[in-house]
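What follows is one structure encoded as structure tokens, with my remarks underneath.
Just so it is clear, none of the values below were taken in a lab; they were calculated from the coordinates. Fair warning: this is a prediction, and the values are worked out from it, not measured in the lab. We place every Cβ from the backbone using ideal geometry, glycine too, and count neighbours over all the protein chains shown.
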Amino acid sequence: MTEVSRILDQLHRAYEGPAWHGPALREVLAGVTSQTAAQRPIPGAHTIWELVLHLTVWMSVPTRRIAGAEIPTLPPDQDWPAAPEPSESGWHQALDQLAQAHRNLESEVRQLTDDRLREKVLGEVPYSIYTMLHGVVQHNLYHAGQIALLKKAIHP
């Protein structure tokens, strides 16, 4: 098994499951409605919807970086896009964009070689493609945990 295939497996498990730790991101998002996604049960915390938009960004940015784009540190409004007014169609669109960003990332990673994993990401970031991809897995799981806690806070 190549290192690229191991990373693909981890990306897939973190998003689709089965994940060793518990529910994967997609599993934790199952059944969330636009109203639940837009609620802010903890003052100062992000909503589930905001987390989904943020996760979409941080699957898209690594995809573009692997393809050779030099992407600087994102300003807060791009790192954490504002959620629109809640609607079921808007929520489904956000989930579809997240799923597409995940598919695009997996597709780009499939094109990598193990040697390419050692390359530094272009631009000001101080890490390799390998480190970035492991970071995506960790990032997805971190926010999946937050979403699970927010769901419990909204529907105890």
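For the range 35-80, the Cα gyration tensor yields ellipsoid semi-axes of 27, 11, 5 Å (square root of five times each eigenvalue, largest first, whole Å).
Quick check on the chain: helices-only [θ] at 222 nm, where DSSP H runs of length 4 and up contribute -39,500 (n - 2.57) each and the sum goes over total residues. Nearest 500, please. Estimated from H runs of four or more residues: -20000 deg cm²/dmol.
Electrostatic bookkeeping for Arg64 treats Lys and Arg as +1 and Asp and Glu as -1; over the other residues with beta carbon under 12 Å from its beta carbon, the sum is -1. Running Debye on the range 101-153 with equal point scatterers at the Cα sites and no solvent, what base-10 log of I(q)/I(0) appears at q = 0.15 Å⁻¹? Log-scaled intensity ratios, in q order: -0.54. Converting phi to 3J(HN,Hα) with the Karplus coefficients 6.51, -1.76 and 1.60 and the offset θ = phi - 60°, the range 15-28 yields 8, 9, x, x, 9, 4, 6, x, x, 6, 3, 5, 5, 6 Hz in sequence order, with x at every glycine or proline. Near the amide H of Ser128, within less than 5 Å, lie the amide hydrogens of Val121, all on another chain or at least 5 residues away, with H placed in the peptide plane.
Fully extending the segment from Asp115 to His92 would add 4.5 nm, taking 0.36 nm per residue of separation and subtracting the current Cα-Cα distance. Taking Lys and Arg as +1 and Asp and Glu as -1, the other residues whose beta-carbon sits under 15 Å from that of Leu112 total 0. In whole angstrom, how far apart do the alpha carbon centroids of the range 10-61 and the range 89-156 sit? Rounded to whole Å, the Cα centres lie 11 Å apart. Taking label positions 7 Å along the Cα-Cβ direction at both Ala82 and Ala30, the computed distance is 3.5 nm, reported to one decimal. Calculated FRET efficiency, Val125 to Ala67, Cβ-Cβ distance, R0 = 22 Å: about 0.90 to the nearest 0.05.
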